[in-house]
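Student: One structure, as structure tokens, below. Some questions next.
The values are calculated or read from the model by the stated rules, or taken from the named source; none is laboratory data. If you're wondering where the values come from, they're calculated on a predicted model, not measured in any experiment. All Cβ positions, even for glycine, are placed from backbone atoms using ideal geometry, and neighbour counts span all protein chains on display. Accessible surface is based on the protein model in full, side chains and every heavy atom, while ligands, DNA and RNA are left aside. Shrake-Rupley method; radii C 1.70, N 1.55, O 1.52, S 1.80 Å.
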Amino acid sequence: QQQQQQQPGLSHPPVHSASQPASSAPGADAGAYAPMFGSVVLDGSDEFIRWRAEVDASLRGLASATNALAACTSSSSSAASSGASGPATTAKEAIAQMQQHCGVLVELADHLRKQPAASKWLNSSSACVDTTGTFLTIREAIAEHVYRLMDVQNTELLMKACSVVLRVVKSRGPLLQAGKLLYRLSKDSSNDAIFRRERLLEPIVRIIQIMVTTAASSTSTSGANLFEPLVYFCGTLKNVTNDPGNQRALVKAGSLHVLSTALSITVAQFQAAAGPSGTSTDPSVLSQSQSQPQSSSSEGGCSAGGPMGPSASLLPCNAPSSGPGQVAVQVTGAL
């Protein structure tokens, strides 16, 4: 309970890292790394085993650094009042370790994209279990560990965490929260170079392409639900394209084709929804149907739910409304 209070952004059950004794995990032999325990592994190649071992090691290190930061914050205040020495790991050191492990996860995710069985790798069991003793898939384990970072007030770490999310997570909720966070960070021009350095531009373009394609081919409300994250991702690109280096990187990533396609599709959908009278009769398509973040703090932040649970101060109060019309506006700005 104390650990959860120290990590207010954790909206999922705490994950037990593989650093715990193997005997505490059902089906595992004490003191040994058991690559086949838990659910059935769908890819037993040596390369996969090595890749998964590196992922598990990074997650152990990330969990350790996250807990160290929480303990450091608590111990620092206690030590200041009692005059005792501070924690062995400082907050700065813990954040640096978290950045390092996130960077490794990004490299591992990029390596994964080159594998023909990438989905099977991500859906195989990890060395992490939830509070019920159920083994998490590698995708779930990575997501759980990264979610814990979303309340840390460090721009570079937040961007690294979002970089991992964009490469691994597929669910709309986490992607929406990542989009909101990146949109907030993109409003500060001093962060423009960090977007490029953390290799966020290409994954954002790729996510936009996937979402636009899905929204265009979907006949259900699931397609319309993608307009809200699309607005944030397209708005992020619009904000960071004032930087010449980002402009060149985005052109190289194929953003012109992706954004042009997004513009034509969203404009066509907006016009189709508006009908001859120019007024839409489909509340799932226009921006009024989507709720906007509500102001909740004196710092100008906005509250937002979702599995990533970033703190209110990280989200934009003047967030754009959602819908194909707003997507078109943000895409036009980026172009």
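Student: Against the condition part of a loop (DSSP other than H, G, I, E, B) and open to solvent by less than 30 Å² (accessible area, probe 1.4 Å), how does LEU149 come out, does it pass?
Tutor: On the way: part of a loop (DSSP other than H, G, I, E, B): yes; open to solvent by less than 30 Å² (accessible area, probe 1.4 Å): yes.
It is true that LEU149 is part of a loop (DSSP other than H, G, I, E, B) and open to solvent by less than 30 Å² (accessible area, probe 1.4 Å).
Student: Within segment 171-198, track down each residue that is surrounded by fewer than 18 Cβ atoms within 10 Å (Cβ to Cβ) and within 14 Å of the chain's Cα centre (by Cα).
Tutor: SER171, ARG172, GLY173
Student: Would you check which residues across segment 97-127 are in contact with a strand residue (DSSP E or B) (Cβ under 7 Å, 6 or more places away or on another chain) and either among the aliphatic types (A, V, I, L, M) or surrounded by fewer than 17 Cβ atoms within 10 Å (Cβ to Cβ) (or both) and list them?
Tutor: Result: LEU122, ASN123.
Student: May I pose another question? Counting only residues that are in contact (Cβ under 8 Å) with a residue 40 or more places away in the chain, in a helix (DSSP H, G or I) and of a type in the set (D, E, K, R), how many does segment 232-254 have?
Tutor: Number satisfying all stated conditions: 1.
Student: Would you tally the residues in segment 116-131 being in contact (Cβ under 8 Å) with a residue 60 or more places away in the chain and not in a helix (DSSP H, G or I)?
Tutor: So the first thing to find is which residues in segment 116-131 are in contact (Cβ under 8 Å) with a residue 60 or more places away in the chain, and the list is 117, 120-121, 123-131.
Still in the running and not in a helix (DSSP H, G or I): 117, 124-131.
Looking only at that region, the number is 9.
Student: Determine whether GLY179 is in contact with an Asp or Glu (Cβ under 9 Å, 6 or more places away or on another chain), closer than 22 Å to ALA70 by Cβ and in contact (Cβ under 8 Å) with a residue 40 or more places away in the chain.
Tutor: Numbers: in contact with an Asp or Glu (Cβ under 9 Å, 6 or more places away or on another chain): yes; closer than 22 Å to ALA70 by Cβ: no; in contact (Cβ under 8 Å) with a residue 40 or more places away in the chain: yes.
Spelling it out, it is not the case that GLY179 is in contact with an Asp or Glu (Cβ under 9 Å, 6 or more places away or on another chain), closer than 22 Å to ALA70 by Cβ and in contact (Cβ under 8 Å) with a residue 40 or more places away in the chain.
Student: Please verify whether ALA141 is small (Gly, Ala, Ser) and buried (at least 24 other Cβ atoms within 10 Å of the Cβ), treating the condition exactly as stated.
Tutor: yes
So that you can scan it fast, the table gives a plain yes or no per residue for (1) closer than 14 Å to VAL331 by Cβ; (2) outside any helix (DSSP H, G or I):
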site	(1), (2)
GLU144	no, no
GLN153	no, yes
VAL165	no, no
ARG184	no, no
ARG196	no, no
VAL205	yes, no
ILE210	no, no
ALA215	yes, no
LEU230	yes, no
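Student: Against the condition among the β-branched types (Val, Ile, Thr), open to solvent by 40 Å² or more (accessible area, probe 1.4 Å) and either at pLDDT below 65 or under 20 Å from LEU182 (Cβ atoms) (or both), how does THR281 come out, does it pass?
Tutor: So THR281 passes the test.
Student: Of the conditions (1) within 27 Å of GLU156 (Cβ to Cβ); (2) surrounded by 16 or more Cβ atoms within 10 Å (Cβ to Cβ), ASP130 satisfies every one except a single condition; which number is it?
Tutor: (1)
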